[in-house]
1. Based on the Cβ-Cβ distance of Ala102 and Leu131, what FRET efficiency does E = 1/(1 + (r/R0)^6) give at R0 = 22 Å, to the nearest 0.05?
2. Below 8 Å, C-alpha to C-alpha, sequence gap of six or more: please give me the relative contact order for the chain in percent.
3. Roughly speaking, what is the stretch gain from Glu71 to Asp271, that is 0.36 nm per residue apart minus the C-alpha to C-alpha distance, in nm to one decimal?
4. Taking the DSSP beta bridges in region 115-258 as the whole, what percent of them are antiparallel, to the nearest 5?
5. Neighbouring Cβ atoms within 10 Å as the yardstick, rank Cys303, Cys188 fewest first.
6. Would you please classify the overall shape of region 232-305 from the alpha carbon gyration tensor, given that a ≥ b ≥ c denote the square roots of the eigenvalues, rounded means a/c under 1.5, and beyond that prolate means a/b larger than b/c while oblate covers the rest?
7. If each residue's Cβ is checked for other Cβ atoms within 10 Å, how do Met231, Met18, Met284, Met1 rank with the fewest at the top?
8. Let me make sure I get this right: for region 1-107, a, b and c are the square roots of the gyration tensor eigenvalues over alpha carbons, sorted descending. Under 1.5 in a/c it's rounded, otherwise prolate if a/b > b/c, else oblate. Which is it?
Amino acid sequence: MVWIDTDMGFDDIQAILMVDHSRFDIAGVSLVFGNAPMAQVRRNASRAKAFFGWNFPIFAGAHQSVLGKVETPIHVLGPQGMPTRGRILPEAPELEMTPALAALAEWLEGLEEPGRILALGPLTNIAILALARPDLRYKIGAITWMGGGATRGNHTPSAEFNAFADPEALAIVLANDLPLRVADLDLCRQVQITPQDVEDLAAANTERSKLLADLLGGFLDIAISRGRPSMSLYDPTAAAAFIAPNAFQFKPAFVSVELASEKSRGRTIVDQREGVEANVSWGMRADAERVRALALEAIAEACFE
């Protein structure tokens, strides 16, 4: 059983499809601002649930960072938080959503064994849980998070977006000794999709495949517009680390996050020197072909359900 925390862009949808395809029981999904402001994230979630027939509950979480700022990559992803070649998720009535904090706490309280969380956006909801319900920290067995970067950033030269959007939340999670396993930019960049993958998906010629191929193509276009022939899979790589951990190599590390410097705010500093007391497991290597296959198989299956 898993709880998914997401800012519901297209690669988040891919990641959720992967978990669902692997037959994991998704106990609930909490939403957080990130790929778009919360109002759009809620619309994306409502439309995705209707389009894919998801039967798990979805809850409304943090609409801003711990310190009140809202940072999004709309200049890259567009106003819907997911780039497109023309198609969008069909409109659907917006879901009535209860607060994520209460729902996540209730789920953890009811578990006999520690639960696992897959976090695909800023860590604001998890930080709020750690502050509001410190008694539940020990009910969390593992948090697999897509975020951070040991080398260069993507949202800024120094910082990965999920870390930059709420670095205080990341600092809170790190300070509260939560079991964090990180799929960072460098790990995710090992896994790439190409134009052929979009063509193969479109060839299924179903309504779902047309939409998914369009959105996958829009995601790929981010890289193509920057002169690259392929695009990294971010949230799907984190999902693969959750469902197929033996496809990865993780190593202990002590991680901190820069909060003060204007130029390097949100940067994750990864210390793997010998003798350093680790506070996370940091992703080092992925079986790129296996991870890629997991992602593409799940999205292909979704075309026909």
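1. Working: r = 14 Å, r/R0 = 0.66.
So, using R0 = 22 Å, E works out to roughly 0.95.
2. Working: 671 pairs, mean separation 62.8, N = 305.
In percent, rounded to a whole number, it is 21.
3. Working: separation 200, 0.36 × 200 = 72.00 nm, distance 2.70 nm.
Gain on stretching Glu71 to Asp271: 69.3 nm.
4. Numbers: 2 of 11 bridges.
That works out to approximately 20 percent antiparallel.
5. Working: Cys303 19, Cys188 27.
Lowest count first: Cys303, Cys188.
6. Working: a/c = 3.65, a/b = 1.84, b/c = 1.98.
Oblate, because a/c is 1.5 or more while a/b does not exceed b/c.
7. On the way: Met231 24, Met18 29, Met284 16, Met1 12.
Least crowded to most crowded, the residues run Met1, Met284, Met231, Met18.
8. Numbers: a/c = 1.65, a/b = 1.11, b/c = 1.48.
Taking the square roots of the gyration eigenvalues as a ≥ b ≥ c, region 1-107 is oblate.
Computed from the coordinates by the stated procedures, all read-outs in this text should not be read as laboratory data. In this text the structure is predicted, and so the values were computed from the model without any measurement. Cβ atoms come from the backbone with ideal geometry, glycine included; neighbour counts cover every protein chain shown.
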